[in-house]
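The values are calculated or read from the model by the stated rules, or taken from the named source; none is laboratory data. Being a predicted model, the structure only gives us computed values, none of them experimental. Here the Cβ is made from the backbone with ideal geometry for all residues, glycine too, and neighbour counts use every protein chain on show. What goes into the accessible areas is simple: the full protein's heavy atoms, side chains included, and nothing from ligands, DNA or RNA. Shrake-Rupley method; radii C 1.70, N 1.55, O 1.52, S 1.80 Å.
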Amino acid sequence: GRNIGAGMTGGLAYFLDDSESDAAFADQVNPGSVTLQRVTSKGGEAQLRELIEDHAERTGSAKALEILENWDTVLPKFW
């Protein structure tokens, strides 16, 4: 969507950006209410992976399973 983060007050969100350009996603984020950063810490990586694993287990999501199978390639695409 456009204007990602508009109306957010607190919290944390992970976004998978499959676009070829970092600017494509970054340009849609509301910089007034969101701090944008890649997942770089071990703690952030562990939290994200656990969320995706839980989602895969509960829903059988093919996309979640694909992400987990290609973790090292897909992780840098997350914000």
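Remarks
- Residues located in segment 68-78, provided they are within 19 Å of Ala13 (Cβ to Cβ) and either open to solvent by 60 Å² or more (accessible area, probe 1.4 Å) or assigned to a helix (DSSP H, G or I) (or both): Val74, Leu75, Pro76, Lys77
Results for (1) modelled with pLDDT of 95 or more; (2) of a type in the set (S, T, N, Q), shown as yes or no for each residue.
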residue	(1), (2)
Ile4	no, no
Thr9	no, yes
Asp18	no, no
Pro31	no, no
Thr35	no, yes
Lys42	yes, no
Leu51	yes, no
Ala64	yes, no
Val74	yes, no
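- Scanning segment 54-67 for residues that are open to solvent by less than 80 Å² (accessible area, probe 1.4 Å), free of Cβ contacts under 8 Å to residues at least 40 places away in the same chain and within 14 Å of Tyr14 (Cβ to Cβ) yields Asp54, Ala64.
- Flag if Gln47 is open to solvent by 50 Å² or more (accessible area, probe 1.4 Å), polar (S, T, N, Q), closer than 15 Å to Phe78 by Cα and not in a loop (DSSP other than H, G, I, E, B): yes
- The set of residues in segment 26-42 that are in a helix (DSSP H, G or I) and either among the charged types (D, E, K, R) or open to solvent by 50 Å² or more (accessible area, probe 1.4 Å) (or both) contains only Lys42.
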